[in-house]
Structure formats: C-alpha cells, structure tokens
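Heads up: the structure comes next, in structure tokens.
Derivation of every value follows stated rules applied to the coordinates shown; laboratory data play no part. On a predicted model such as this, the values are computed, not experimentally measured, just so you know. Here the Cβ is made from the backbone with ideal geometry for all residues, glycine too, and neighbour counts use every protein chain on show.
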C-alpha cells in the first residue's frame, strides 16, 4: 500500500486477499469459523433459496462442519434462522444477528414495487397485514395456505384477492409484503411439514433503524471492504442515493474511513480498519451456487476476469454458476450430480491446471463430499449444465 495525501491506496489483490481471509476462504488461514453460525455471520448471510448450496457455503468455510451440523443449528439449536435477508431473498442468518438484520432491513426505503396499480395495497393495508402476520405466527408454525387464511380472516377479503402473478396462477394480494414481514421481524421459516414449508415468528426485537444500519454498514465493510456506497446499495437492493447519504452520514460521524481502491477510486472501510497484508490470495477453492463471496465482492470484473466474465456470469449476474477460484479469482465453473452417497463433481477450468493445483482441487472435491455427507469424485471437463434460474 502507498499513501497519497493521507488517503490509503489499496490494491485489488490486497482487498481480495483480506476478504477471503475474513471468511475463512484463504488457503492456510489461521482464523476460520468454527461453527455454522460463525461462518454465516462472517459472510453476512448464506443465500438459501437452494438450501443445499447454503449448507455447502457454510461447510466450505468451517472445518469439520457438515450439512447435518447446519441443519442442527437451524432446526434444533436455533443458532441459525432461515429468513428473508439482503435483496429480499431467502438466507440463513445467524440468530444472534437477527435484531441487527430486522432493524436494518426494515429501515431500507422501498419503492412502489413491480405490481400493477390495482394490485397494490395502501400504507394502512400494508400495516394491517404485517400486524396480522405477526399475530398469526406468534407461537405457531403455519404453511403458506394456513397463514393466508389467517391474514384474510384478520384483515378482510381484499387481502385475499388473487391479483399477484405467480408461477402457475395468481397469489393473494397480501403476499406482496411477505418479505417485508420478514424484514420487520414478524416472520421467518419454520421446519418443513412434509414437503411444505412453514413460517413462524422469530421472536426478535429489531434494533432501532439508525443503530442497525450503522452496524450493518460496519459489518459489510469488514467482510467486503473497501467498498463504495453503490456497491452496498447493489448488495442490499437499496436506492443508490439513499445509500450515498447513509455513507456520508457515517463518514461525518467518523464511523467509516475513506481509502482509494484500485479500479474503483474512493471507497470506504470501517474506521481504523486500514490494515492489509501484502501477500496475494493463493490456493484453489470451490464455491457453490449463490455463494455470498461471489455475489458481494466488487469490482466484479476483477473477481471474474477475462473469459470468466462470459463463462461464469449469467447476463452479468453472479451466483447462477458454482465457481472455481484459483488464487482468489474465478477461473472456471463446476457442477455436482448426486446418486445416493456418490457425488460426481465436474470442474471446467478456463485454463490448464498444473499438478499442484490439481491436487488442491482434489482436496476441495473431497471436502465437498465431507460437507454433503457422501463420497465425491472429480472429473475435469466441460460443464454442460446451464445457469441456475
């Protein structure tokens, strides 16, 4: 690092190496998460629309952790919560972080939404639905149909009007605020009842919005900094102007500090968090679908350089392909196919791997097998499976 006019300049290599180390993804990292909740907290939530991918994201960061450990943490120990997280998508979140998450996410401004005028709800109707959801789920675990009946019964027939386009039909009006109920702390996922998901109340009290947002920005910058307010806005699916004002306010309070990030210009870290090692990232890693590191790290063209930008992104969107990291950058894609306890892993590198990296890749594949409680074998070749929707 070099200093210019009292502002620290951080290279992409330095930033990337620190991000990897702080998530337990660096080769030979001395500090790695020791529990599912620790791994989830370090990455700021594991995307869990595909739960098996979330289990793998966690296990690949925390030595010895398997998918059974993740499920125990989620449904028995309750140190993890399956809830609506950043971008309104389903995540595993650390239970201890739920006051922060609900306080921060409920303070993020939202627009009118993608719904037609005749499908929208008034602010009073939104509040009525949120109260109804919280009351219905207090001490209960309900399927979506059971919850819908409760909400309509507690609010009125208007909440049940089938006005929302769904996969093979129409959903009732109230469901457009399902994720908002999660952000407000009124709703999270419960254990499945057979093949049906259930919802329950997380039993948390959200932190006040300003306090929660300040804490979330600090956590985000610790994990993915240096970063700009625009990076934060994309990660959170928040308005860019609002995020810029938030960062300016925190900078004025001395909570965050400006640096210069290579290929980005001015960026931010938490105040005083300007230490970066000189050693670049080394090693081979496999990351599953929708892994938090691949989605949140910016600038994206540095993480997905050259051919990786075309092969491992779906229309510029990260997460739709599982990726191979070589020395901290995306260098290929991979896929797994399970049959009983056997897991066939196909890896498509974008450049030839030497003997040492092939051995490291074999170790990663073996770890995939351990996490998923099976026996994994490696094939190097073309991945013919397309991007996940």
For the range 46-119, what is the relative contact order in percent, using Cα pairs closer than 8 Å and at least 6 residues apart in sequence?
24
Rounded to the nearest whole number, the per residue volume of the convex hull around the C-alpha atoms of the range 51-189 in Å³ is 128
Note on the chain: contact order normalised by length, alpha-carbon pairs under 8 Å, 6 or more apart, percent, works out to 18
Ratio of the Cα radius of gyration of the chain to 2.2 N^0.38 Å, where N counts its residues:
1.02
Ordering of 163-169, 122-128 by burial proxy (mean other Cβ atoms within 10 Å per residue, highest first):
122-128, 163-169
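Hey, with R₀ at 25 Å, roughly what FRET efficiency would residue 363 and residue 31 work out to, going by the Cβ-Cβ distance, to 0.05? Present the calculation step by step, with values, prior to reporting the outcome.
Numbers: r = 20 Å, r/R0 = 0.79.
Between residue 363 and residue 31 the formula returns 0.80.
Given the Cα-Cα distance of residue 211 and residue 237 and 0.36 nm per residue of separation, how much length would full extension add, in nm? If you can, show how the numbers build up before the last one.
Values: separation 26, 0.36 × 26 = 9.36 nm, distance 1.94 nm.
Between residue 211 and residue 237, full extension yields 7.4 nm more.
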Nearest 10 degrees, 0 to 90: what angle lies between the long axis of helix 209-224 and the longest principal axis of the chain (Cα atoms)?
20
Starting from the Cα of residue 7, step 7 Å toward the Cβ, then list every residue of the range 252-291 with an amide N under 20 Å from that point.
252-276
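How much of the DSSP bridge set in the range 284-380 is antiparallel, in percent, rounded to the nearest 5? It would help to have the intermediate numbers written out before the result.
Values: 17 of 23 bridges.
Roughly 75 percent of the beta bridges in the range 284-380 run antiparallel, per DSSP.
Shape of the range 284-380 from its Cα gyration tensor (a ≥ b ≥ c, root eigenvalues): rounded if a/c is under 1.5, otherwise prolate when a/b > b/c, or oblate?
Working: a/c = 2.06, a/b = 1.50, b/c = 1.37.
It is prolate, given that a/c is not under 1.5 and a/b is the larger ratio.
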Computed from the beta carbon distance with a Förster radius of 45 Å, FRET efficiency for residue 168 and residue 77 to the nearest 0.05 stands at 0.80
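Find the relative contact order for the range 287-385 and round it to a whole percent, using C-alpha pairs within less than 8 Å whose residues are 6+ positions apart.
Working: 157 pairs, mean separation 22.2, N = 99.
Once normalised by length, the contact order is 22 percent.
Please work out how much length the chain gains when fully extended from residue 89 to residue 317, using 0.36 nm per residue of separation minus the C-alpha to C-alpha distance, in nm with one decimal.
80.6 nm
At a 10 Å Cβ-Cβ cut-off, how would you order 179, 388, 231, fewest neighbours first?
On the way: 179 19, 388 14, 231 24.
Taking fewest neighbouring Cβ atoms as first place, the list is 388, 179, 231.
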With Cα atoms, 0 to 90° folded angle of helix 240-252 axis to the chain main axis:
70
Cα-projected label distance for residue 310 with residue 149, points at 7 Å along beta-carbon direction, nm:
5.5
Can you tell me the orientation of helix 355-371 relative to the chain, as the angle in degrees between its alpha-carbon axis and the longest Cα principal axis, to the nearest 10?
30
What is the distance, in nm, between label points placed 7 Å from the Cα along the Cα-to-Cβ direction at residue 140 and at residue 274?
5.5
